[in-house]
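The values are calculated or read from the model by the stated rules, or taken from the named source; none is laboratory data. What you see is a predicted model, and the numbers here were worked out from it, not measured in a lab. All Cβ positions, glycine included, derive from the backbone under ideal geometry; neighbour counts span all protein chains shown.
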Amino acid sequence: MSDCIFCKIAAHEIPSTCAYEDDQIYAFHDLDPQAPVHVLIIPKKHIASLDEAQAGDAQLLAHMMLMVKEIAASLGLEKGYRVVINTGEDGGQTVPHLHMHLLGKRSLNWPPG
Ligand code: 5GP
Ligand code: ZN
């Protein structure tokens, strides 16, 4: 999607600090980190939100989920981490391109605000 900031980041048209990349997904460090490690994992394909994902995206979504532990291990999150997908207005989603937040290297509170 031409005017989507995360599509542009995935295409390296906007600079970011890469944490992981393959042909399907891109992971990069959040500009405004909420934990010592705060990485965003996005599909290269534009999907506006989890609410917009289709059955045909199942393999892509599974790949994103299964890569989390690899990215977490590469970032030294052996004590644990949290994965968050903010979805829609009440979910606090501000960028309309599906992304998983991977947060770690501090003890995280529950419930979130
Ligand atoms: P959301 O609120 O939609 O769940 O999360 C969007 C996240 O994207 C926020 O944590 C925000 O800091 C991050 N973000 C927004 N624009 C940029 C950007 O241009 N570069 C990077 N690295 N992160 C961004
Ligand atoms: Zn996009």
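Take residue 73 and decide whether it is modelled with pLDDT of 95 or more and away from ligand 2 (no atom under 16 Å from the Cβ). Taking the combined requirement at face value, the residue satisfies it.
The number of residues in segment 81-113 being out of contact with any strand residue (DSSP E or B) (no Cβ under 7 Å at 6 or more places or on another chain) and of a type outside the set (Ser, Thr, Tyr) comes to 15.
Residue pairs whose Cβ atoms lie under 6 Å apart, separated by 6 or more positions or on different chains, with the first residue in segment 68-85 and in contact (Cβ under 8 Å) with a residue 12 or more places away in the chain and the second assigned to a helix (DSSP H, G or I) and away from ligand 2 (no atom under 16 Å from the Cβ), are 81/72; 83/68. Return the residues of segment 25-72 that are assigned to a loop (DSSP other than H, G, I, E, B), more than 16 Å from ligand 1 (Cβ to nearest atom) and surrounded by fewer than 14 Cβ atoms within 10 Å (Cβ to Cβ); say none if nothing qualifies. The one that is assigned to a loop (DSSP other than H, G, I, E, B), more than 16 Å from ligand 1 (Cβ to nearest atom) and surrounded by fewer than 14 Cβ atoms within 10 Å (Cβ to Cβ): 54.
Taken over segment 44-63, the criterion of being out of contact with any helix residue (DSSP H, G or I) (no Cβ under 7 Å at 6 or more places or on another chain) and free of Cβ contacts under 8 Å to residues at least 40 places away in the same chain is satisfied by 51, 54, 55, 56, 57, 58, 59, 60, 61, 62, 63.
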